[in-house]
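Written below as structure tokens is the structure these notes are about.
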Amino acid sequence: MEIEFTDTEFMICNAARLLEDNRTIFVGWGIPQVVAILAEKLYAPNIVQVFEFGAIGPLSRTPFLRGTMGGPSNTYRSLQWCSMNLAFSYAQAGYIDYGMLGAAQIDRYGNINSTMIGDDYEKPKVRFPGSGGGNEVASYCWKTIIVMAHEKRRFVERCDFITSPGHVIDGKTREELGLPAETGPYRVITSMGMFGFDEKTGELKLLGVMKGFTVEEVLEEMAIEPLVAEKVVELEPPTELELKTLREDIDPYGLIISKGRKIKMEV
Amino acid sequence: MEKLEVLDKGKAEIHFTPPDEFRKFVRDRKNRAFEDKLMDEGEAVKKFVKNGDYLAYDFSSLTRGPQSLIREIIRQRIRNLWILAKFTLLESVLLAGAGCVDKIDVGFLGFGPYIAKKVQEGAVKVYDWSNGSVTYRLVAGAMGIPFIPARDLLGTDTLKHSGAVVVKDPFSNQPVALMPALNPDVAVIHVQEADIYGNARVYGPTVATLETAMASKRVIISAERIVETIEFREHPNWTTIPYYCVDAVVHAPFGSYPGGTQGYYEMDSEHYLKLTSIRTDEEMQSYLEEYIYSVDSHDEFLEKKIGISRLKELIQKSQILEGYR
């Protein structure tokens, strides 16, 4: 049977499979929240979403709508509505297990850029919205998962601008910098593969590639050369149930999942 | 005597008020009398927003944002503002497009191509912080302390372009970031309910409603409805802002339009898309003329530019009341 899916759907499904049940997860609008909702529906029924807006444990209604992060449908039946100060303080005090972020650039140590492209901060070539709560998520959550399109130019030796911290910044480790111990980027899910980080050096390490791709093909699409795990696993494409849940229940308007390149695959 | 070691320092210019200066302002200028502060938005902005002010607004463009007050600030052609942009998709773009803003402290600036161009051209100056660090700055401003220590920004370029200072914390001996207190000159906040004195109640997530009101020298509240003071005394747990933080109360039904307000109406997606599709200065000026400059007030805006049938649709879409009453 042939299936068709977007690379966004691939990333969302693979990220959702990583999440353990009975954990808290800091999410923002877009892909991160769709991952959390998919996980809640299929794999981790007791996962607790946390929004920087100040919503803890909402039972977010679907379909997923545009621009309504703090609105009634998305913050429906929360356990608590609170301030942003409190939402971030829960994370700073260690209560939030996962954080999920997107990125325009990522570097060897998992530092991410969501601020600007170019070498002159005053005159950026491209300007993005900035940190938002991304810096806090990457600084405070126990395990941060980064979800991003796999493009050569997005993988760099050092980000043009480090918005949110990875494992090592300009030679200094997170702990030397004063960031909370034993935190940091945990996985990077891209449209071609999955990365982790070397336990000792904090360097990006290829752990898995999408079924149908070779390790060489994935590495070819990166401007840096990452470490490669001894045994690289094959990442399964979205299942029929995952796609049905995404397309019929969570995002029938295709606000998030329709983006990206379309992939056809025999399964 | 040991000295506190400074390890790193951001280079941004900061808006900073020493705590004693803020305290004296509160003592002398914040009114503790029960005075009727109800006025229209024209009078409120005229009295309390000045050229060159540091302006903060709470909550987001799409939910309970103070849009009618932002439009009034634009209508009165206030200039040289320095704004705090946290969850901003519309306000910052409109204020920049109208030439009201020089500087923006960025948490999250829903840039979009129009304002990205303004930044790239240097028409507005941005300072990069994060949503958490600017919120903690407001917390410090609200507490009356000069700074608050936190463990975000550390090591990043965001820190280098912010105004935070990293020191070795004398208790844990670890580096920690000190966020300078933020005391805005003026804050505009939209709420569901307020009384004529400024007691205000917000339903739903609050972002930094109380902190922003406490920390700001002048505070304008707009409210979907004006209620009797007894409503607050009956449910004191639900009071979000006490009256003595507030300088003006504006009755503004649909004050968040084109965003929504929980329990009242949903956002107007079509109008929102019209705004976010603005690319050129010409398109921006024509939007400002059509929806802001050509009317005298929020009431006239609703009446002539939006219309009762559209507003009715948005009320009808807002059917979730749990938690909002």
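Since every read-out is calculated from the coordinates, none of them should be taken as a lab result. All values derive from a computational prediction rather than experimental measurement. Don't worry about glycine lacking a Cβ; one is built from the backbone with ideal geometry, like all the others, and counts go over all protein chains shown.
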Item to complete: For the range A:176-212, run through the GluC sites (Glu not before Pro) and keep only the ones in DSSP coil with at most 12 other Cβ atoms within 10 Å of their Cβ.
Response: A:GLU182, A:GLU199
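Looking only at chain B, where both bridge partners belong to it, what percent of the DSSP beta bridges are antiparallel (to the nearest 5)? List each step's numbers first, then the result.
Numbers: 15 of 46 bridges.
Looking only at bridges with both residues in chain B, the antiparallel portion is about 35 percent.
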Worksheet item: Using a basic spin-label model with each label point 7 Å from the Cα along Cα→Cβ, how many nm lie between B:VAL26 and B:SER294?
Response: 4.6
Discussion item. With a cap of 11 neighbouring Cβ atoms within 10 Å, and only residues DSSP puts in a loop, list the trypsin sites (Lys or Arg not before Pro) found in the range A:66-172.
Written reply: A:LYS125
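Treat every Asp and Glu Cβ in chain B as -1 and every Lys and Arg Cβ as +1, leave all other atoms uncharged, and give the resulting dipole magnitude about the Cα centre to the nearest 20 debye.
620
Restricting attention to the range A:14-108, which chymotrypsin sites (Phe, Trp or Tyr not before Pro) occupy a DSSP loop and are surrounded by at most 12 other Cβ atoms within 10 Å?
Taking the range A:14-108 and a limit of 12 other Cβ atoms within 10 Å, no loop chymotrypsin sites (Phe, Trp or Tyr not before Pro) are found.
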Response to the item:
Mean other chain Cβ within 10 Å across A:83-93 is 6
Worksheet, complete the sentence: Given the candidates B:CYS245, B:LEU321, B:PHE25, the one whose Cα lies deepest towards the positive end of the charge dipole of the protein assembly as shown, counting +1 at each Lys or Arg C-beta and -1 at each Asp or Glu C-beta, is B:PHE25
Response to the item:
For chain A the mean separation of alpha carbon contacts under 8 Å (6+ apart) over residue count, i.e. relative contact order in percent, is 23
Worksheet, complete the sentence: Across B:ILE306, B:ILE292, B:ILE226, the residue with the highest GNM fluctuation in chain B (Cα network, 10 Å cutoff) is B:ILE306
Fill in: Rg(Cα) / (2.2 N^0.38 Å) computed for the range A:100-236, rounded to two decimals
1.01
Worksheet item: Which residue, A:THR190, A:THR24, A:THR62, has the most motion in a Gaussian network model of chain A that connects Cα atoms within less than 10 Å?
Response: A:THR62
Worksheet item: Under a 5 Å amide H to amide H cut-off, with H placed in plane at 1.01 Å, what residues pair with B:TYR265 once short-range neighbours are removed?
Response: none
Worksheet item: Amide H of A:SER164: which non-local residues (sequence gap of 5 or more, or other chain) have their own amide H closer than 5 Å, using H built in the peptide plane?
Response: A:ILE112, A:SER114
Worksheet item: Given chain A, what percent of its DSSP beta bridges are antiparallel, to the nearest 5?
Response: 50
Worksheet, complete the sentence: Per the helix-only model, the protein assembly as shown has a calculated mean residue ellipticity at 222 nm (DSSP H runs of ≥4, -39500 (n - 2.57) each, divided over all residues, rounded to the nearest 500) of -7000 deg cm²/dmol
Response to the item:
Inter-chain shielding metric for A:62-70, i.e. average beta-carbon neighbours from other chains within 10 angstrom, reads 5
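How many Cβ atoms of partner chains, on average, are near each residue of B:312-325 if near means within 10 Å of its Cβ?
Taking the mean over all residues of the peptide, I get 2.
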Worksheet, complete the sentence: The equivalent-ellipsoid semi-axes of the protein assembly as shown, taken as the square roots of five times the Cα gyration tensor eigenvalues and listed largest first in whole Å, are 39, 28, 22
Discussion item. Placing unit charges on C-beta atoms (Lys and Arg positive, Asp and Glu negative, everything else neutral), compute the dipole magnitude of the range A:100-236 about its Cα centre in debye, rounded to 20.
Written reply: 320
Item to complete: Note down the net charge around A:VAL168, summing +1 for each Lys or Arg and -1 for each Asp or Glu among other residues with Cβ under 10 Å from its Cβ.
Response: -1
Worksheet item: Gain in length, B:GLN316 to B:GLN174, computed as 0.36 nm per residue apart minus the alpha-carbon separation, to one decimal in nm?
Response: 45.7 nm
Discussion item. From the phi angles alone, apply the Karplus equation (6.51, -1.76, 1.60; θ = phi - 60°) to the range B:89-103 and give each ³J(HN,Hα) in whole Hz, x where the residue is Gly or Pro.
Written reply: 10, 10, 4, 5, 5, 5, 5, 5, x, 8, x, 8, 10, 9, 10
Fill in: Cross-link reach list, aspartates and glutamates versus B:LYS37, counting only Cα pairs under 15 Å and skipping chain neighbours closer than eight places
B:GLU193, B:ASP195, B:GLU228, B:ASP247
Worksheet, complete the sentence: Sorted by chain and then number, the residues having a modelled amide H within less than 5 Å of the amide H of A:GLU203, at least 5 places away or on another chain, are A:ASP198
Item to complete: Report the local net charge at A:VAL233: Lys and Arg +1, Asp and Glu -1, summed over other residues whose C-beta lies under 14 Å from its C-beta.
Response: +2
Worksheet item: Charges only on Cβ, +1 for Lys and Arg, -1 for Asp and Glu: so what's the dipole of the protein assembly as shown about the Cα centre, in debye to the nearest 20?
Response: 1040
Worksheet entry | Residue among A:PRO32, A:PRO165, A:PRO129 with the largest mean-square fluctuation in a Gaussian network model of chain A, springs linking Cα atoms under 10 Å | A:PRO129
Worksheet item: What does the charge add up to near A:ALA87, with Lys and Arg as +1, Asp and Glu as -1, over the other residues with Cβ less than 11 Å from its Cβ?
Response: -2
Discussion item. Looking at the protein assembly as shown only, what percent of DSSP beta bridges run antiparallel? Nearest 5 please.
Written reply: 40
Discussion item. How many angstrom lie between the Cα centre of the range A:134-211 and the Cα centre of the range B:51-112?
Written reply: 33
Item to complete: Run through all the Cα pairs of the range B:6-317 and give the fraction in each 20 Å bin from 0, expressed as whole percent.
Response: 34, 57, 9, 0
